[in-house]
Structure formats: C-alpha cells, structure tokens
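Every number here is computed from the coordinates shown, using simple stated rules; none is lab data. Just so we're clear, the structure is a prediction, and the values are computed from it rather than from any experiment. Here the Cβ positions follow ideal geometry from the backbone for every residue, glycine too, while neighbour counts run over all protein chains shown.
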Amino acid sequence: MSTVDVEGHTRYDDYLYMNGGEVFNFTLDVVPPLIKNVLSKNGITSDDVDYYVFHQANKFMLNTIRKVCLLPKDKFYVNLDTTGNTVSSTVFIALKQCLDNGNIVKGNKVMIAGFGVGLSWAGTLLTF
C-alpha cells in the first residue's frame with residue numbers, strides 16, 4: 001500500500017520514513033525542558049555540570065540545542081566529524097571517547113541525553 005505526502009512523494013507502508021523537520025522541532029521542544037528537569041532533580045545549575053554528552057544526531061541540531069540552552073561550547077561534545085550518527089550507540093561511543101581523550105575525568109558530573117527514535121527522549125546526570 002502507498003500514499004502520497006504533501007510534497008508529492010510516494011510513501012510505501014513497508015519502507016521506513018523519517019520526517020526530519022518534525023524530528024528537529026520535536027527535539028527543540030523536549031531537550032531544553034529535559035536539561036532543566038535533570039538539573040532541578042539533582043539540585044544543581046548548568047555551571048555545576050562539567051561536560052555534556054548528547055545523542056550525536058547531526059551537527060546543526062546539536063549546535064542549535066547548545067545555543068538555545070546556553071551551554072558552553074568547550075563543555076559540549078560533538079564527534080560527528082569522526083564517528084557520525086551511530087543511532088542508539090552515539091552517547092556510549094561519545095562517553096568512551098571523552099574518557100579516552102581526558103574530557104571526562106574522575107569526579108566530573110556529566111549530563112547525557114538521548115532523543116529521537118519514536119519521538120522518545122531521556123537524560124540523566126552521571127558522576128565519574
């Protein structure tokens with residue numbers, strides 16, 4: 001079975017389809033409140049977080065999140081130029097890289113966040 005979307009593209013029921021614009025808007029709607037919620041539940045401010053490691057969706061989305069949430073560039077990990085979007089493993093690969101290159105050291109507070117698939121999202125604070 002197939003349908004035609006508003007842009008005239010044929011969509012088939014047995015093919016995966018992602019509406020990138022909707023996912024981007026969804027992410028900008030949920031990630032800033034997620035960050036505030038994680039900070040609040042842990043009784044800290046963004047200044048208390050040593051590093052931020054988020055799902056490596058794409059560079060534009062990550063830079064937009066960082067700017068909207070006023071997160072410092074030097075505390076925000078992006079590895080898309082070397083690793084790319086590896087879907088559900090991006091946060092774990094990025095954490096390993098941060099540990100290996102010394103961005104994260106013992107005692108650091110690191111906020112992680114995942115978002116995207118199925119319009120889902122989650123985040124937490126890790127202390128190393």
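In region 44-128, which trypsin sites (Lys or Arg not before Pro) fall in coil by DSSP and have 10 or fewer other Cβ atoms within 10 Å? Within region 44-128, the qualifying trypsin sites (Lys or Arg not before Pro) (loop, at most 10 other Cβ atoms within 10 Å) are 106. Note on the chain: with charges restricted to the Cβ of Lys and Arg (+1) and Asp and Glu (-1), its dipole about the Cα centre is near 540 debye. Here the residues 104, 44, ranked from fewest to most Cβ neighbours within 10 Å of their Cβ, fall in the order 44, 104. Rg then Dmax, both in Å and based on the Cα atoms of region 1-116: 16.8, 55. Most simply put, the chain has about 65% antiparallel DSSP beta bridges, counting only bridges with both residues inside it.
Taking other C-beta atoms within 10 Å as the exposure proxy, 12, 77 rank 12, 77 from fewest upward.
When only alpha carbons are used to place a centre, region 1-51 and region 57-83 end up 15 Å from one another.
By counting other Cβ atoms within 10 Å of each Cβ, how are 120, 89 ranked from fewest to most?
Numbers: 120 10, 89 13.
The fewest-first ordering by Cβ neighbours comes to 120, 89.
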